[in-house]
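Undergrad: Handing you this structure, nothing more for now.
Since every read-out is calculated from the coordinates, none of them should be taken as a lab result. Note that this is a predicted model, so its numbers are computed, not measured. As a convention, Cβ positions derive from the backbone with ideal geometry for all residues, glycine included, and neighbour counts pool all protein chains shown.
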């Protein structure tokens, strides 16, 4: 019988449906199950389309057979119906059809009003279909579970300074920071760009006696060199062209009694380094253009992704300041060395961006494997950007494709090995320009972030970008 919709069922006077034989057949044919039935002696009296297909026997032939002939002719390796006829109890098991496919089935006895076995109804399904259905059902359950988790995480109290320390390496670092937080000494944080140095600095402040006082983060690389002293120490009126008439307090004045986090401290010019040394030694400073000494009581937490010892050797960083800052050095490990933090961080960011963009994205097992397989040169900052991309467009970056692209590109053109001898300086500049352009694109055109990743000053990066654009 062809599958399809039956006509609307007629109704009895009490309102219950009264189905026709055709409608009953339509229901059985569309039940997504292999159904067949025998009488009380094993004669086949019904088989739906799905059952005919799994038994690999024409319907006309089936209806002329009993279950014993079906078994003798090799259509089934075992008959559950035969077991039911012998035991008068429901039987469950598997058999192999003529094509060698394993089929799971349940045969159920039907008794008449006298208690005589009048019919056996068998439900069956190929085992591979059941396993596929089970996998798909499990996937849907996991997906539903993920959606529920995503909706719950949308209300998760995320903060920008959330600490995720699932990895033993990270737990050890933050245990050290918690111990140091109570000592009110200067702390120097080392680590690659994007590892979470500001999060660590805020963690120190929250566990210190200054937890209720001001926390002032300052990125030394983001302030123009000619303004850095005025920003840090303030200035008097008329100190320089463009200065406010009434002067202005600097960050060390504003943060008095609190904590200043000086990120990228290695980018400080030497004159500012001298003033910072004086603050560290006796808490004194003078505003730019002023002659009055002021006092400040701040705790300094400094951070850098550069090798300060090497900078000291190259006369780019003061030796005395290095030792004053480096009282308690702590290194924040890169994300690739903290694999157990990846899942927690990714889900924290997922909750944040689901809430921000009114989405309910969830990571599949494949997504998590994709995240785990990447080495994260941009660390937590890069992970954060990747998760936001996932929330916005539903897919993660294809790092394999980017990694497999031959050569670098600069200004839209591929940089290849030269086919003729040219000055090494020229070749190195082209390669440098190409690499800078690639990192800039990965950071979405953010110059400050790119400079941090490349461990260079923002002004230096601008010069190299200007050179690259001039040659393109």
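Undergrad: Subtract the Cα-Cα distance of residue 222 and residue 182 from 0.36 nm times their separation in residues, and report this length gain in nm to one decimal.
TA: Result for the pair: 11.4 nm of gain on full extension.
Undergrad: How would you order 86-95, 23-32, 199-208 from highest to lowest mean count of nearby Cβ atoms within 10 Å? The partial results should precede the final answer.
TA: Working: 86-95: 13.1, 23-32: 14.6, 199-208: 20.6.
Listed from highest to lowest mean packing, they are 199-208, 23-32, 86-95.
Undergrad: Now for a different question. Taking 0.36 nm per residue of sequence separation and subtracting the Cα-Cα distance, how much length would be gained by fully extending the chain between residue 31 and residue 114, in nm to one decimal?
TA: My answer for the length gained is 26.9 nm.
Undergrad: Let me ask something additional. For a protection proxy built on the mean count of beta-carbon atoms within 10 angstrom, sort 278-285, 445-452 highest first, please.
TA: Taking the mean over residues of other Cβ atoms within 10 Å, the ranking is 445-452, 278-285.
Undergrad: Based on the Cβ-Cβ distance from residue 43 to residue 139, what FRET efficiency comes out when R0 is 60 Å, to the nearest 0.05?
TA: Step by step, r from the Cβ atoms, then E = 0.90.
Undergrad: Can I ask one more? Arrange 462, 68 by Cβ neighbour counts within 10 Å, fewest through most, would you?
TA: 462, 68
Undergrad: Something else about it: Can you give me the pair-distance distribution of region 276-367, C-alpha pairs, 5 Å bins, whole percents?
TA: Result, from short to long distances: 2, 9, 13, 13, 11, 10, 9, 9, 10, 8, 4, 1, 0 percent.
Undergrad: Return the Rg/Rh value of region 31-131, two decimal places, where both radii are evaluated on C-alpha atoms and Rh is the Kirkwood radius.
TA: Using only Cα positions, Rg/Rh for region 31-131 is 0.94.
Undergrad: From the C-alpha gyration tensor of region 184-333, pull out the three semi-axes of the equivalent ellipsoid (sqrt of 5λ each), sorted largest to smallest, in whole Å.
TA: With the √(5λ) rule applied to region 184-333, the semi-axes are 24, 18, 14 Å.
Undergrad: Continuing with this model, one more query. Using label points projected 7 Å from each Cα along Cα→Cβ, tell me how many nm separate residue 467 and residue 69, to one decimal.
TA: A separation of 9.3 nm, rounded to one decimal place.
Undergrad: Okay, next question. Hey, if you drop one equal point scatterer on each alpha-carbon of region 176-268 and run the Debye formula without solvent, what base-10 log of I(q)/I(0) do you get at q = 0.10, 0.12, 0.19 Å⁻¹?
TA: Each listed q corresponds, in turn, to -0.32, -0.44, -0.93.
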